[in-house]
Structures are given as C-alpha cells and as structure tokens.
Amino acid sequence: MRIERVEFDHPDAVALRDEHVAAGNQLYADDPAAVHRGGSEGIDPATILATFVAYDGDEPIGHACVRVLDGDLAGVPEMKRLYVRPASRGSGVADELLAAVEQVARDLGAPRMVIHTGDRQHAALRFYARHGYTPIPVFPPYEAVTYSLCFEKLL
C-alpha cells in the first residue's frame, strides 16, 4: 500500500469521493435532514490544501483531502472525504491517510485539525476517538444537517 499526493481533480480521487458521497447518501436516505446534505457537503476546490489517494498496486483504495475553512473558523484545516473502499478497511489505510492530512496541517503550523461526520457512521466515530479527536460544537456549513457531529484534534 502506498499513499500518493494528487491533484483534487485526479480521476482516482474523483471516483473515490463519488463513492464516499453515494455511501453517505444511502446511509442517510431516510433522514429528513439529508435534504440539506448537498449544500453542506460541497467542496470548493480553491480551498483544498492537499488531496491523497491510497493505492494497493495500481488499484485506488482510499482517499482523504484537507481544506482550509473560512468564516468563524478562518484558516483552520478541515479533513474531508476520508474514505476507504470496503474490501480494504481494517488494513491501516485510514490511519495512513489521516496521518498524511494531519502532517499537512502541522506543516502549516495549524494548532488543530477539525472534522465533520454523521451520527450513523459508528466506525468513523470510533476511529476518530482512537486518534485523539474530541467533540466540538457543529460548525458551518453543517448546522442544518441535524445528524452532524464535529471533532477536533490539537496538533
């Protein structure tokens, strides 16, 4: 397994993000708050600091990117779209992707990294807790999505 830094619009990164969004849409399809999901889940490519794809040989198996926030959290890095294909979960891919985005934040001198996830993503919640992320108030643009949960890690 290897992690590569790629452009945000790299075809493997786009495909993995699309899979991640589709999985989230399916997971929350019956939640009325999901109507707000599209607006809160958009990513402006201009805000992206780095995008990473994990590969097993030539096969893309995981993705994560980090962006910089604006508004009340201006300048704070947020990890987005941490996703590992089901067949590769539990193999350490997510750990490596998280380490890569956290290193980007450290290299910027950021004092913390924030993340957003949902209340039905139980494996993700355990993963983030295991890596030192603690709950914080839900930050923009996720307030309208009532199943939102936000976390931070001091770097």
| remark: For the pair Ala46 and Ala99, the simple spin-label estimate (label points 7 Å beyond Cα toward Cβ) gives in nm 3.5
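By how many nm would the segment from Ala123 to Ala87 grow when fully extended, if each residue of separation counts as 0.36 nm and the alpha-carbon distance is taken off? If you can, show how the numbers build up before the last one.
Numbers: separation 36, 0.36 × 36 = 12.96 nm, distance 1.47 nm.
Value of the extension gain: 11.5 nm.
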| remark: the range 2-111: spread of alpha-carbon positions along the three principal axes, whole Å, largest first, is 39, 35, 24
| Normalised by the residues of the chain, what does the relative contact order come to in percent, with Cα pairs under 8 Å and at least six apart? | 21
| task | Quick one: work out the % antiparallel among DSSP beta bridges in the chain, nearest 5. | result | 95
| remark: Taking the dipole of the chain about the Cα centre (Lys, Arg +1; Asp, Glu -1; charges at Cβ), the one of Ala94, Ala15, Pro141 that reaches farthest to the positive side is Ala94
| message | Over the chain, with a Gaussian network built from C-alpha contacts below 10 Å, which listed residue (His116, His20, His131) shows the highest mean-square fluctuation? | response | His131
| message | Largest first, please: the extent of the C-alpha atoms of the range 67-155 along each principal axis, to the nearest Å. | response | 38, 33, 19
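Bear in mind these aren't lab numbers, they're just calculated from the coordinates by the rules spelled out. Since we're looking at a predicted model, the values are computed, not measured. Because the Cβ atoms are built from the backbone with ideal geometry, glycine has one as well, and the counts that use them run over all protein chains shown.
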